[in-house]
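No lab work stands behind these numbers, since they all come straight from the coordinates. Note that the coordinates shown come from a computational prediction; the quantities given were computed from them, not determined experimentally. All Cβ positions, glycine included, derive from the backbone under ideal geometry; neighbour counts span all protein chains shown.
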Amino acid sequence: MTKPIITKKPGRTLSRQEVESALKDFTLKVANETYEKSTSSSTDSISLSWKDVSYTITDPKSKKKKHIVKNVSGIVEPGEVLAIMGPSGAGKSSFLDLLAGRKDPKSVTGEIYLNGKPGEIKYVSTYVMQDDALMGVLTVRENIQFAADLCFPAEFSDEDRKARVQTIIEEFGLDRVADNKIGTVFVRGISGGEKRRCAIASQVLTLPKIIFLDEPTTGLDSAAAYNVMNAIVDMARRHKLAVIASIHQPSTETYALFDKLLLLGRGKTLYFGKRENAISHFEELGFACPPYANPGDYFLRLVNSDFMKDISEAEQLITSFNVSFLKSSYKLEIDAQIDDLISKSDNENFDNESITEDTPRGYPRNFFAQTMIIMKRSLKNSTRNILMYWIRVAMYVSLAILMGSTWWQVGYGQQHIGDRLSSHFFSVAFLCFMSVAGIPGFLEERLVFQRERSNRFYSVGPYVLANTLISIPFLMIVTLSFSVFAYPMIGLHGGMEKITNFLVFLFLSLLVAESMVVFISAVIPIFVAALAIVAFANGFFMVVEGYFVTKKNIPKAWKWAHYVDYQKYAFEGIVKNDLSGLTFLCEKTDQGCFCLHGGETAIKNCNFSGQNILDDLGYGEVVIYKWVFALVGLVLAFRVGFYLALLLRKNRH
Ligand SMILES: Nc1ncnc2c1ncn2[C@@H]1O[C@H](COP(=O)(O)OP(=O)(O)OP(=O)(O)O)[C@@H](O)[C@H]1O
C-alpha cells in the first residue's frame, strides 16, 4: 500500500504550513531516492589504498632526482575522513595531487588501488581546490543549482535537481543564506566560511565516491573551519564517501573530527593510522603530548624542522620518526589491511576488469544542454555584474554626449572633413580600446570555468560558444547606447541604410575587440599582463590603421599589421559609409572657389563629392560587405584562438 505523504489526526485540520512542509519533505525524499538509484552501481562505495607511492622530480639545474614524497602507504575506507598534516613543504599538496591522479605518471611510482584493484581514480573522485571560485553576483542556491543542472544526467527532472540542491544546502548548513548573493567588490555577500561551504557543496553535489580537498579550511577562523569540516565529515559518513583532506593547524575540535591522520615530514610518513592512536605512538617514542594541548599543533611543532638551527639534527629527527613508524605495529597493520583487500578482490573475483569501467566518462549533459545552461548563467552574470558591461555602457554614453557636444553638427564645409574623419577614428579607437574594462569580469569567470572544467561539468566548446553568444546582445546594447547620442549630435550621414551600416561596423569592431580580450586573457590570465598586452595591441592597431599615416606611407615592415588590423576595417567602413553620397562645399575666396578635392569640376561647381575625398585618401577600394566579412573573419579567428587557448591549457584532472 502507498504510504500517505501526511497523516492527519481525526477532527484536526492541517495548517497550510504543515501541508507545505510535508510536501517539501516528500519531494526531497523522492529526489534523494531517484538520486541514490541513478548513482548506485557495482561501485557503491570505494576504499582507496596506496602502497609505497613516491613522487620524484628532477632538479632543472643540478639534474639530480629529488623525492618530494617517498614510499607512503595507507588506506581510507568508505565513510572515513583522512587528514594529511605536516609542516609547510612537507609534501601534503604533492601527495594529494599524486593520489588524485593530477601528477605526471612518469614521476610517480607505487600502486594505488580502488577496492583493492588498480583503477582510474579521476572518474570516481572529485578534487576540491583551495579557492572559492564562485560567481559573486549569483546566490548560493544559483551557484549550486548551476552545478546540479550540469552534473546530473538528462533523466533528472527539474524538481529532482532542485530538491537535490535543497538537500545539499541543508547538509552544508547554508539554508539561512541560500538566497543571498556570494558577494563582490561592490556588494558584501556571505561570510568566508559560508562561501567555502558553498564552493565545496557545488563540487560534491553528485557525491563522488572519493573526495580530495586541498586545504579546505585555509583562511578561515577556527569556528568557520570547524563548520566546514563538520559538514564534510557528516556528508562522508552519511553517504559512505572516502575523504582525504590536506589541512593546516586544525583546532582541537576540528582535529577531533578526523578518523585517520597521515603526518608527513620531508615527504616521508611520520605517522599513518587512526587519529586517536597517534598520541600513544608518539608517547611510546618519548614524545608525550602534554595534557590539554592541541594534538594537531603538538605534532606539527614536533616534526617542524624548518626552524631548527642544526639542519643535520633536524634531518635525523625526521628520519628517526620515519624509521620508528616503519617499524611500528601501525605500519604492519596497514600493510596487512592493503594486502587483505588486494587478495579479497582477487579471490572474490570482482566482476570489474577495472573498478571504474562502468563509471560514465563523458559529460552528463550533451553539447547543446551544456551551452544553454552556461548561457543562462552568463546572462545572469552579465546583467548583474557591473564589471562586465554596465561600466562600459555608462562610460560610452558619457563619451557619446561629450563627443556629440564637441563635434556638434560637424557640417559639410571642406574645412570640417578632418573633424568628420577624426570623429570616426575616435569612435572606433576609443570604444574598442575600452574593451579592456571587460578583463576583470572575464578573469573572475575564467577561474570558475577552470574549476568547473576540471570537475568535468562541461567541455571547452560549449563554454566558448556560450561566451560568444552571450556577448552579442550586450555589445549591441553598448553600440546602441553610444550611437543613439553620438550619431545625431555629430550630424553624420542620415538615412536607415547609413545608420544600420554604422551600427554594424561599430558592433563588429567591438565584437573583435571583445574576442581579442578573452583570447589574450585566456593565454595570459594575469590582470596586469593581459591589460598591458590588450592596451598595447589596440595602441598598435591605431598606429597602423591608416588614419595618422596613410596606407601608402606605412613602412613595408608594418604593412601586414595594417591588413590584420580590425580597427582599419571598422574605420574605413564607417568613413566610406558616411562620405559616399554626400556633397562637400569648397571655400569661396575673392579669387574664386578653393577646393581641396575634385579638381576642375569641383572648382566649376564650387563643391565636390564624398567619393572624391575617398579616392584622394585611398579609401576608394573599400567595399562595405567585404569589410564586414573581414571583421567577421577576425571575430572567428580570435574565438578559435580563445577556444584553443583554453583547450590546450593543461587540465590536470
Ligand atoms: N615540481 C616541483 N619542482 C620543484 N620542487 C617542487 C615541485 N613540487 C613540489 N616541490 C617542492 O616539494 C616540497 C613539497 O611541496 P608541497 O607543495 O607538496 O608541500 P606542502 O606540504 O603542501 O606545503 P604547503 O603547506 O606550504 O603548501 C616543497 O619544498 C616544494 O618546493
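D for the stretch 496-546, whole µm²/s, Stokes-Einstein with Kirkwood Rh over alpha-carbon pairs at 4 °C and 1.567 mPa s: what number? Don't skip to the answer; put the middle values down first.
Working: Rh = 12.2 Å.
Estimated diffusion coefficient is 106 µm²/s.
Just how far, in whole angstrom, is the stretch 316-334 from the stretch 70-84 if you go by their alpha carbon centroids?
Each part's Cα centre sits 16 Å from the other's.
Could you please tell me the mean projected area of the C-alpha convex hull for the stretch 88-139, averaged over all directions and given in square nanometres to one decimal?
Answer in nm², one decimal: 5.9.
Against the longest alpha carbon principal axis of the chain, how many degrees, from 0 to 90 and to the nearest 10, is the axis of helix 329-347 turned?
So the inclination is approximately 80 degrees.
How far is helix 496-523 tilted off the main Cα axis of the chain, in degrees rounded to 10, range 0 to 90?
Helix 496-523 sits at roughly 30 degrees to that axis.
Restricting to lysines 8 or more places apart or on different chains, can you count the pairs in the stretch 519-653 with Cα atoms under 29 Å from each other?
Here the count comes out as 19.
Sorting check: for 384-393, 133-142, which peptide has the highest mean count of neighbouring beta carbons within 10 Å, and how do the rest follow?
Packing order, densest peptide first, comes out as 133-142, 384-393.
Assign one of three labels to the stretch 431-472, namely rounded, prolate or oblate, based on the Cα gyration tensor with a ≥ b ≥ c the square roots of its eigenvalues; rounded applies when a/c is under 1.5, prolate when it is not and a/b is larger than b/c, and oblate otherwise.
In terms of gyration-tensor shape, oblate.
For the stretch 442-479 and the stretch 243-295, compute the distance between their C-alpha centroids and round to whole Å.
Between the Cα centre of the stretch 442-479 and that of the stretch 243-295, the gap is 43 Å.
Just round it to a whole percent: the fraction of Cα-Cα distances in the stretch 493-606 exceeding 18 Å.
Summing the P(r) tail past 18 Å for the stretch 493-606 gives 66 percent.
What distance in nm separates the two pseudo spin-label positions at Asp616 and Asp179, each 7 Å out from Cα along the beta-carbon direction?
Spacing of the two 7 Å Cα→Cβ label points: 6.7 nm.
How would the chain be classified by its alpha-carbon gyration tensor: rounded, prolate or oblate, with rounded meaning a/c under 1.5 and the a/b versus b/c comparison settling the rest? All intermediate terms of the calculation are to be shown ahead of the outcome.
Working: a/c = 2.93, a/b = 2.04, b/c = 1.44.
Prolate, because a/c is 1.5 or more and a/b exceeds b/c.
Between helix 439-454 and the chain, what is the angle of the helix's C-alpha long axis to the longest principal axis, kept within 0 to 90° and rounded to the nearest 10?
Compared with the principal axis, the helix lies near 40 degrees.
What full-extension length gain, to one decimal in nm, is calculated for Asp234 and Thr252 as 0.36 nm per residue of separation minus the Cα-Cα distance?
Once the chain is fully extended between Asp234 and Thr252, it gains 4.7 nm.
Could you state the number of Å between the C-alpha centres of the stretch 140-205 and the stretch 580-629?
Using only Cα atoms to place each centre, the spacing works out to 63 Å.
Using the beta-carbon distance between Ser459 and Ala535 and R0 = 30 Å, what value does 1/(1 + (r/R0)^6) give for FRET efficiency, to the nearest 0.05?
0.40
Suppose R0 equals 35 Å. What FRET efficiency, 1/(1 + (r/R0)^6) with r the Cβ-Cβ distance, do Phe367 and Ile279 give to the nearest 0.05?
The pair Phe367/Ile279 has a calculated efficiency of 0.05.
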